[in-house]
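Accompanying notes for the structure given below.
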Amino acid sequence: MNSPNAQSAAPALNRKQGLWREAWLRMRRNTSAIVGMALLAAIILLAVFANVIADYDTVAIKIDVANRLKPPSRSHLFGTDELGRDLFARIIHGARISLSIGFLAEMATLALGMALGSVSGFYGGRIDNVVMRFMDVFMAIPSLLLAIAMVTAFGTGTPILVLAIAVSGAPSMSRIVRAQVMSAREQEYVEAARALGAGDMTVVLRYILPNTMSPIIVQASLDMAGCILTVSSLSYLGLGVPPPAPEWGAILSAGQSYIRDAWNITVFPGLMIVITVIALNMVGDGLRDALDPKLKR
């Protein structure tokens with residue numbers, strides 16, 4: 001015989017699954033979101049199977065000065081760069097770097113923002129004032145400038161790059177989480193959990209955050225595009241991924257000196273950045289429309 005707790009949990013689980021299923025159905029009806037997901041899936045597949053399409057060691061970083069600055073052709077789909085390296089191979093291998101660093105940076109931003117926002121929103125009062133004033137200091141500094149300052153101070157490399165982007169993006173994420181937690185902490189299910197003896201961490205992690213994830217997921221998907229732009233911007237300035245790694249911003253920076261003689265070196269990596277950012281924004285807008293209950297029809 002099922003216990004009362006199991007009987008009450010089953011309808012709640014079914015209701016939650018129904019909400020996500022309804023959101024997915026609304027997402028599928030959004031043409032721009034589907035186009036964005038298709039573009040993003042294509043870029044991810046290129047990154048995953050980059051070694052199958054073009055071997056990194058023998059194509060992406062192999063110097064062939066005799067074939068430098070070649071235009072697009074059958075043998076070199078996107079042409080070659082200033083050192084004769086295949087540009088298509090470098091761009092699809094660069095997708096691995098840009099997407100992985102952007103994803104790691106967004107995960108770090110999300111973790112830091114959720115931790116600070118949850119503490120600030122749940123406890124309020126003096127703790128809220130201290131945390132939010134601290135975030136205001138960081139928000140007063142442009143995110144790219146803050147990332148440049150951190151990379152300059154601590155050096156280049158993937159861990160520092162991820163940390164710099166996370167610190168620059170955490171203040172805005174923490175404010176969103178704080179607002180959601182402050183709204184949810186007064187709900188009846190939170191009071192019921194407290195009455196049953198649940199601790200603060202249990203209440204936040206088990207009851208509040210799972211019920212406030214929709215706007216956080218939407219913001220994270222939109223911020224992912226900003227993370228990739230920041231990675232490319234830092235690499236363009238020489239402060240990101242060190243050469244010879246084929247990061248999109250670094251390829252773009254190296255090709256700017258040859259833009260009159262070899263347009264393909266700057267156009268193709270720039271297009272990849274633009275397409276990826278647009279695809280992520282389209283998916284983020286679709287998630288917002290699908291998960292926001294105010295937009296239900």
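No lab work stands behind these numbers, since they all come straight from the coordinates. Quick caveat: nothing in here was measured; it's all calculated off a predicted structure. Cβ placement follows ideal geometry from the backbone for every residue including glycine, while neighbour counts extend to all protein chains displayed.
Brief remarks follow.
- In this simple spin-label model, placing a label point 7 Å from the Cα along the Cα-to-Cβ direction at both Ser32 and Phe49 gives a separation of 3.0 nm.
- With N the number of residues in the range 183-257, Rg(Cα) / (2.2 N^0.38 Å) evaluates to 1.90.
- A Förster radius of 25 Å combined with the Cβ-Cβ distance from Asp261 to Arg74 puts the calculated FRET efficiency at roughly 0.75.
- Acute angle (nearest 10 degrees) that the helix 87-123 long axis makes with the longest principal axis of the chain, alpha-carbon atoms: 20 degrees
- Principal-axis analysis of the Cα atoms of the chain puts helix 213-236 at an angle of about 20° to the longest axis.
- Note on the chain: with a GNM built from Cα contacts shorter than 10 Å, the maximum mean-square fluctuation among Ser120, Ser75, Ser232 falls on Ser75.
- Helix 158-184 axis, angle to the chain major axis (alpha carbon atoms, nearest 10°): 30 degrees
- Short-range pairs are left out: with C-alpha atoms under 8 Å and at least six residues apart, the relative contact order of the chain is 24 percent.
- Note on the chain: percent of Cα-Cα distances in each 5 Å bin, starting at 0 and stopping at the bin with the largest distance, equals 1, 5, 10, 13, 14, 13, 12, 10, 8, 6, 4, 3, 1, 1, 0, 0.
- For the chain, modelled as a GNM whose springs connect Cα atoms under 10 angstrom apart, the maximal fluctuation among Val59, Val277, Val231 occurs at Val59.
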